[in-house]
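Below is one structure; the comments refer to it alone.
The values are calculated or read from the model by the stated rules, or taken from the named source; none is laboratory data. Here the structure is a predicted model, which is why all the values come from computation and not from measurement. Note that each Cβ is placed from the backbone with ideal geometry, even for glycine, and that neighbours are counted across all protein chains shown. Heads up: the accessible areas ignore ligands, DNA and RNA and are worked out on the full protein's heavy atoms, side chains in. Shrake-Rupley method; radii C 1.70, N 1.55, O 1.52, S 1.80 Å.
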Amino acid sequence: MGDITSYDLLMLVPAYMVFLFSFVVHESAHAWMSCKLGDGTARYFVSLNPLPHIKRTPFGMVIVPILTYFFIGWPLGFASVPINYLWAQQNPKRFGLVALAGPVSNILLAIGFIFILGLNLILVTKFGLWNGQADITYEVLRLAVNLNVVLAVFNLIPVPPLDGASIPCLFIPVQHMKSYLNIIWNPSMALPGMLIAYFAFAGIFRTIGIPLLLMLDSVLNLFKGFL
């Protein structure tokens, strides 16, 4: 961790708000999809209110994102919503869709924030509103896009406890679901899975995430040139 600057402290609150909103949308997407497909266990979490999610995993939703922000410059964390094991076992394709809903929500958020970022560029450039506050707004929107790309890519890594380990349930026959769920939901798999995901993510993000973000930079610079 480097020296903490006044800019770091200034950006902490908006960065955490971006993190909180992105994670709550991700978990709410899981909960909403499970309710729609027949498992109402997570009904309480179909909400953009962050409190239910914070109460369920306070360490992953408050402490970890603040620590990671100061250590790596990104607010990252973890959360989850409850799923009925028996329902998942009997409905593998539906459970796979529930798992897929989280990363898809982050992809849609990233696209939405890109449009907002473009609108912000139009406003500050066309109407001469570029100032310190506009700079912060631009950086927060960039962070929102980048964070949601990271969340989508990271969660698609096929190791437990990430969503990517549950998405294959779309293709697993019912008779094999119990054995598969016993593996990916085994608590002892969580730490090895996260370590594998952490080391795999660097390569995956270099291959997928960084080109996407570089392409976004190119589009934004081109967009600025037309304004």
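Could you check how many residues of the stretch 1-33 are polar (S, T, N, Q) and open to solvent by 90 Å² or more (accessible area, probe 1.4 Å)?
1
Might you check whether a residue that is within 21 Å of Asn148 (Cβ to Cβ), open to solvent by 10 Å² or more (accessible area, probe 1.4 Å) and without any contact (Cβ under 8 Å) to a residue 12 or more places away in the chain occurs anywhere in the stretch 85-104?
No, the stretch 85-104 contains no residue that is within 21 Å of Asn148 (Cβ to Cβ), open to solvent by 10 Å² or more (accessible area, probe 1.4 Å) and without any contact (Cβ under 8 Å) to a residue 12 or more places away in the chain.
Out of Phe113, Phe223, report the one residue that is at pLDDT below 90, assigned to a helix (DSSP H, G or I) and either aromatic (Phe, Trp, Tyr) or closer than 30 Å to Ser34 by Cα (or both).
Phe223
Can you tell me which of (1) outside any helix (DSSP H, G or I); (2) within 17 Å of Val98 (Cα to Cα) is the one Ser34 doesn't meet?
Against the list (1) outside any helix (DSSP H, G or I); (2) within 17 Å of Val98 (Cα to Cα), Ser34 comes up short only on (1).
So which residues in the stretch 51-84 are under 14 Å from His26 (Cα atoms) and open to solvent by 40 Å² or more (accessible area, probe 1.4 Å), if there are any at all?
Leu76, Phe78, Ser80
For Leu141, state whether it is open to solvent by less than 60 Å² (accessible area, probe 1.4 Å), more than 19 Å from Val98 (Cα to Cα) and modelled with pLDDT of 85 or more.
So Leu141 fits the description; yes.
So Leu117 ticks every box in (1) of a type in the set (A, V, I, L, M); (2) open to solvent by 20 Å² or more (accessible area, probe 1.4 Å); (3) under 19 Å from the mean Cα position of the chain (by Cα) but one. Which box is left unticked?
(2)
For the stretch 167-181, how many residues are under 16 Å from Ala99 (Cα atoms), open to solvent by less than 80 Å² (accessible area, probe 1.4 Å) and over 16 Å from the mean Cα position of the chain (by Cα)?
Residues flagged as under 16 Å from Ala99 (Cα atoms), open to solvent by less than 80 Å² (accessible area, probe 1.4 Å) and over 16 Å from the mean Cα position of the chain (by Cα) within the stretch 167-181 amount to 7.
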